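Structure record follows, encoded as structure tokens.
The values are calculated or read from the model by the stated rules, or taken from the named source; none is laboratory data. Being a predicted model, the structure only gives us computed values, none of them experimental. When we count neighbours, we look across all protein chains shown, and the Cβ atoms used for this are built from the backbone with ideal geometry, even at glycine. These area figures cover heavy atoms from the full protein model, side chains too; ligands, DNA and RNA do not enter into them. Shrake-Rupley method; radii C 1.70, N 1.55, O 1.52, S 1.80 Å.
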Amino acid sequence: MSSNVITVPVGQTEARPWVDEFHQWLTTVDHKRLGILYIVSALLFLAVGGVEALIIRIQLMHSHNNFVSPQVFNQMFTMHGTTMIFFVAMPILFGFANYLVPLMIGARDMAFPRLNAFSFWLSFLGGLLLYFSFFGGSGLYGAGSAPDGGWWSYAPLGARAFSPGHSSDYWTLALLVSGFGSIGTAINIIATILCLRCPGMKLSRMPLLVWMNLVMAGMVLLAITPLSAAQIMLLIDRYLGGHFFDTQAGGSAVLWMHFFWIFGHPEVYVLIIPCFAFMSEIIPVFARKPIFGYPVMVAATVCIAFVSMSVWAHHMFTIGMNSYANSFFTLTTMAVGIPTGIKIFNWIGTIWGGRIQFKTPMLFSIGFLFQFLIAGLTGIMMAASPFDWQLSLSYFVVAHFHYVIVGGILFSLFAAFYYWYPKMTGRMLSERLGKWHFWLFLIGFHLTFDVMHIPGILGMPRRIYTYEPGRGWDTLNLIISIGAFIQAIAILVFVANLIISYFKGARAGNDPWDAWTLEWSISSPPPAYNFATVPTVASRRPLWDLKHPEDPDSRYE
Amino acid sequence: MSMLKMKSSTLRFLAQTIVLLFWSAMGVWASEPKDSSPHGTNIFAPASTPAKAIADLSVFVLVITGIIFAVVFALLVYSVVKFRGRAVDAGREPAQVYGSTQIELAWTIVPTLIVVVLFLATARVIHAIEDAPEPAGAVEVTVIGHQYWWEFRYPGLGIVTANELHIPVSDPSHPTPTFLQLLSADTDHSFWVPELAGKTDLIPNHPNRMWMEPQRTGVFLGQCAQYCGIQHAKMLIRISVDGPEEFASWVRAQKRPALEVASATAGRRVFESNACMNCHAVGGTQADGRFGPDLSHLMSRATIAAGAAENTHDNLRLWIQNPSAIKPGSLMPAMKLSDADLDAVVTYMETLH
Amino acid sequence: MASLIIAESAIFTIFVVAYLFYLGKSVTGPTPREVLETPIFYTICLLSSSLTIHLAAKSLERDYTRLFLAFWLLTIAQGGSFLYGTAMEWHRLVYERGLTISSNLFGTTYYSLVGLHAFHVTAGLIMLSLVAIFGFMGRVEVSQSGRVAVLSMYWHFVDAIWVVVFTVVYVLGR
């Protein structure tokens, strides 16, 4: 019993000189601080990636524009994609996982705190390495410096012959380095969840966020590594004269595609599953009901993880696979929509019969539900491979995946920010600014990404620095670009909210949302040791049991 | 307070409905065929058998996903509006429902059935397009993708041209589809002419095959769809679907060696003594380079530089003088010809009908 | 460690897939049948090192620290001789048979796959040597047996990978 209780020494809260504080942040192994480091660094990269997007949109505002040269444009879309996936989405989700998982399972930290810190700094270093390419690299024949082969760096475009200089290598090394960081974090998450749960927290009593991060971490182990392997092969080709993807020597460009998408498809599920986790925690609290169908939600997530490993070649429908292969991947891709759809129904089932509070986290969650539904349906359209022979490599695909990433992932991240910011900082974010953020972003998002489907249907391919007039794409692209700027303004409102509320926001207290998981049982922000006494739980909603002793969940489980 | 909540959710409902209507309207507007010559690039305005099969399947898929959307959207909106929290309920929690096995089964089985139906419909079309046999009357074209232009060879007809393809319209009673073999000389490309067929990639060391069976004459546009380098955006395709007589006369004209015109002799000498002939071929002369487009019948094409510019005297002159002015990053070097030589070469080019 | 092994297995799987896919596809150069010699002796060395490390871990659990150190050093020796064997093999292939990583597809995939494994053996040997040093300093005792067990799990993994690589390269590949 004595090992479960910590005596707090007095006088621990004097102000420190800023150098000390800075040093503390640099050398921290505390999962909460590392979580915040991940989140803040991701927000910085989000700003940079967003600027790259705006440059793309200005260039595409009308046909035959020359705001930037083709060389710069090609660098912009390569860097935008690479940054957003590897240095915004993955780190920010790892950051939330880092912060929340130990708190939700009643642990004092992650299983391997130093590995945790190491993984973060690897990831951050990877981002810096990628951007150093603007100074250090040199690209496609006649081109500039940052990588410009697209974020997939398809063979043979990534080979020495077509990408002389080092820009491609910055891409490869940055991702290799941050990939190892990701694997480290995944190992940490798995070990933490399997070994450090507090007494009473059986696997079937873990919050869904914990379950989903466990599944995500398992997928990271199997998904990131194929990319690392392929990148090592690419480096061997480029520097040791290897022939893995050298078509002149019998190598196969298609093999790169297979390896890349064996990574690439599970990767997008790695990104969305933590967002499902946020929704599964936030929607119940603001609908005032438990999640509908907890066991099915777990099963569906595991099912998605397995099936998603078998769908990768739907990114390759146009490369000329035979009809049996195309049919197989059509079937598996459509099949993975079933457990995904089940989750949407379960969230609606959670809202059904509830008493919804339309605070900002819930606004973003409802937006998520609406948009993720549409994104999933456009995915089903492209699962039908003949339809994909038209839609692939066009702006329809770009619209689809931005619908998932911005309309799904980013919306759920905004919900998570508004929900857990009080816990992390002790202050509430402004509801007024939050609503401005939500509505502005919603309008900008739909203006851009709803309309973006149409140029795809009208034959506009992706990754083009300009286009011909008379194809009917001009006005549509102008509208898309305007929407992008509206989204940028909304992001500025969000950042303003984050900063202003840090100093002027209402004090949050332990449990501002009347929620039910363990992180709301301690102070906001939590003390370094998290729990003075390690809690014991008897159900999935330990705080509900405490608040409603007449009708605890433990009676029903 | 409850007024605000109601306003918020009703506002959202209205916003989402407006978005829905807007999207539908754009979809309808977008699918109207454009009345212009050449044809547009609308995947829902198919003019060829495979494109039509795809469009038909796509409409079927759209209808089914549209129904799913309508149902789920309605459920979502209903639940958000009906179950909004009211001030009078403050402090009381609603019934805590944990789940329902029957409902879970229902919404697992129904989507599974939908997937089975969609899959079967799709598999039929996949097979019909990919495993279509090549009839006797088919025209065969070998397409070789280059950075940043298209090489077209007709092995059966002995023709070599570039960037602009001529194929015969196909009469249903006596079909003459065009079967294309897709190869690449350097990196990955993709051949996409939306109104004639779905796209297929050109990958080095990985030959592909596709076919088109146009049912209407006219000019159809497309472009490269797989990022292939700096000028990926300017690798345009122009397909002229000709009636039987026009096609026959085009073939005859293309099979002829290049015309020899007296006024062009000076230019031809410049062409052959500079490095031009290392890259370009002109039928019937010693120029037989394959790195760049075949120029034997350059003047039969409407555009130059794979659609980057119209085939006019000024553009031609500018292109030869400095390709980067029109297509920066193009692999054709500026030949640094003197003005006199440049004019001579242009004159020569303009005789190559 | 189990998670790390899962991740590493995925990396090796990709290299094995590439190796198998490219069998017979080399456009030029020596073929596996022409140049490969089956390294039976060195394989036995490596696989028996799994036995010795297991015995070492068991000895430590029972507090026989000197026996533990003996088996541990034997493991390192076996691993070291395996690396020596690989080096000899490569020397022969490069200088006598002209097979390098850039000579053809087979060269690329062979050196990459075997090299990736050898890299993992080397990393393992470094870790084992560190533990050996700690052992000589008297720092390794019963309470460390959990950590030693984790390290020996890694070593077993490296051996298991060799079984796969051996089968793919020297048995199937010819």
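Can you find a residue that is part of a helix (DSSP H, G or I), open to solvent by 10 Å² or more (accessible area, probe 1.4 Å) and within 7 Å of chain C (Cβ to nearest Cβ) anywhere in region A:236-243? Checking region A:236-243: at least one residue is part of a helix (DSSP H, G or I), open to solvent by 10 Å² or more (accessible area, probe 1.4 Å) and within 7 Å of chain C (Cβ to nearest Cβ). Restricting attention to region B:108-156, the residues being outside any helix (DSSP H, G or I), more than 30 Å from residue B:281 (Cα to Cα), touching a Pro at 6+ places or on another chain (Cβ under 9 Å) and open to solvent by less than 70 Å² (accessible area, probe 1.4 Å) number 2. Scanning region B:173-194 for residues that are assigned to a loop (DSSP other than H, G, I, E, B), within 8 Å of chain A (Cβ to nearest Cβ), in contact with a strand residue (DSSP E or B) (Cβ under 7 Å, 6 or more places away or on another chain) and surrounded by 22 or more Cβ atoms within 10 Å (Cβ to Cβ) returns B:188, B:194. Here residue B:124 meets the list (1) under 24 Å from residue A:389 (Cα atoms); (2) among the basic types (Lys, Arg); (3) within 7 Å of chain A (Cβ to nearest Cβ) almost entirely, failing just condition (3).
Is one or more of the residues making up region A:263-279 surrounded by fewer than 22 Cβ atoms within 10 Å (Cβ to Cβ) and within 9 Å of another protein chain (Cβ to nearest Cβ)? No, region A:263-279 contains no residue that is surrounded by fewer than 22 Cβ atoms within 10 Å (Cβ to Cβ) and within 9 Å of another protein chain (Cβ to nearest Cβ).
A quick yes/no check of all residues on (1) more than 9 Å from every other protein chain (Cβ to nearest Cβ); (2) more than 21 Å from residue A:530 (Cβ to Cβ); (3) part of a loop (DSSP other than H, G, I, E, B); (4) out of contact with any strand residue (DSSP E or B) (no Cβ under 7 Å at 6 or more places or on another chain):
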position	(1), (2), (3), (4)
A:194	yes, no, no, yes
A:197	yes, no, yes, yes
A:210	yes, no, no, yes
A:217	no, no, no, yes
A:221	no, yes, no, yes
A:229	no, yes, no, yes
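Residues that are under 19 Å from residue B:253 (Cα atoms), in contact with a Phe, Trp or Tyr (Cβ under 7 Å, 6 or more places away or on another chain) and open to solvent by 40 Å² or more (accessible area, probe 1.4 Å) within region B:276-304 are absent altogether. All conditions but one from (1) in contact with an Asp or Glu (Cβ under 7 Å, 6 or more places away or on another chain); (2) in contact (Cβ under 8 Å) with a residue 40 or more places away in the chain; (3) within 23 Å of residue A:320 (Cβ to Cβ); (4) not polar (S, T, N, Q) apply to residue B:140; the one that does not is (1). The set of residues from region B:131-160 being over 20 Å from residue B:204 (Cα atoms) and within 14 Å of chain A (Cβ to nearest Cβ) comprises B:131, B:132, B:133. Residues in region A:54-80 that are assigned to a helix (DSSP H, G or I) and within 11 Å of chain B (Cβ to nearest Cβ): A:59, A:70, A:71, A:72, A:73, A:74, A:75, A:77, A:78. Contact map, region B:51-74: residues that are more than 10 Å from chain A (Cβ to nearest Cβ) and without any contact (Cβ under 8 Å) to a residue 40 or more places away in the chain paired with residues that are in a helix (DSSP H, G or I) and among the aliphatic types (A, V, I, L, M), Cβ distance under 9 Å, separation 6+ or inter-chain. No pairs are found. Taken residue by residue, region A:345-356 has no member that is surrounded by fewer than 24 Cβ atoms within 10 Å (Cβ to Cβ), of a type in the set (A, V, I, L, M, F, W, C) and more than 8 Å from chain B (Cβ to nearest Cβ). Of the residues making up region C:9-29, those that are within 7 Å of chain A (Cβ to nearest Cβ) and within 16 Å of the chain's Cα centre (by Cα) are C:11, C:15. For region A:381-391, the candidate set comprises residues that are within 7 Å of chain B (Cβ to nearest Cβ) and buried (at least 24 other Cβ atoms within 10 Å of the Cβ); within that set, the residue that is farthest from the chain's Cα centre (by Cα) is A:386. For region B:199-219, filtered to residues that are touching a strand residue (DSSP E or B) at 6+ places or on another chain (Cβ under 8 Å) and not in a strand (DSSP E or B), the residue that is surrounded by the most Cβ atoms within 10 Å (Cβ to Cβ) is B:199.
Note on region A:357-372: residues that are open to solvent by 10 Å² or more (accessible area, probe 1.4 Å) and under 21 Å from residue A:403 (Cβ atoms) total 1. A count restricted to region C:15-36 and to residues that are open to solvent by less than 60 Å² (accessible area, probe 1.4 Å) and of a type in the set (A, V, I, L, M) stands at 5. Of the residues screened, residue C:169 is not one that is in contact with a His (Cβ under 7 Å, 6 or more places away or on another chain), surrounded by 21 or more Cβ atoms within 10 Å (Cβ to Cβ), closer than 28 Å to residue C:90 by Cα and of a type outside the set (Ser, Thr, Tyr).
Has region A:329-343 got any residue that is more than 20 Å from residue A:377 (Cβ to Cβ) and crowded, with 23+ Cβ neighbours inside 10 Å? Within region A:329-343, none of the residues are more than 20 Å from residue A:377 (Cβ to Cβ) and crowded, with 23+ Cβ neighbours inside 10 Å. Of everything in region C:70-107 that is within 14 Å of chain A (Cβ to nearest Cβ) and free of Cβ contacts under 8 Å to residues at least 60 places away in the same chain, the residue that is surrounded by the fewest Cβ atoms within 10 Å (Cβ to Cβ) is C:94. Out of the residues in region A:358-375 meeting the condition of being at the interface with chain B (Cβ under 9 Å from one of its Cβ atoms) and either assigned to a helix (DSSP H, G or I) or hydroxyl-bearing (Ser, Thr, Tyr) (or both), tell me which one is farthest from residue B:50 (Cα to Cα). If we take residues in region A:358-375 being at the interface with chain B (Cβ under 9 Å from one of its Cβ atoms) and either assigned to a helix (DSSP H, G or I) or hydroxyl-bearing (Ser, Thr, Tyr) (or both), then A:363 is farthest from residue B:50 (Cα to Cα). Please specify each residue of region A:313-343 satisfying the condition of being more than 7 Å from every other protein chain (Cβ to nearest Cβ) and over 30 Å from residue B:131 (Cβ atoms). Passing the criteria: A:339, A:340, A:343.
Listed here are the helices (runs of 4 or more DSSP H) enclosed by region A:447-557 that have at least 2 residues being closer than 20 Å to residue A:64 by Cα, out of contact with any strand residue (DSSP E or B) (no Cβ under 6 Å at 6 or more places or on another chain) and among the polar types (S, T, N, Q): A:474-504.
Residues in region B:305-318 that are under 16 Å from residue B:237 (Cβ atoms) and open to solvent by 10 Å² or more (accessible area, probe 1.4 Å): B:305, B:307, B:308, B:309, B:310, B:311.
Taking each residue of region A:406-429 that is among the basic types (Lys, Arg) and looking for partners that are surrounded by fewer than 24 Cβ atoms within 10 Å (Cβ to Cβ) and not in a helix (DSSP H, G or I) with beta-carbon atoms closer than 8 Å, six or more apart or interchain, yields A:423/A:508; A:423/A:524; A:423/A:525; A:423/A:526; A:427/A:505; A:427/A:506; A:427/A:507; A:427/A:508.
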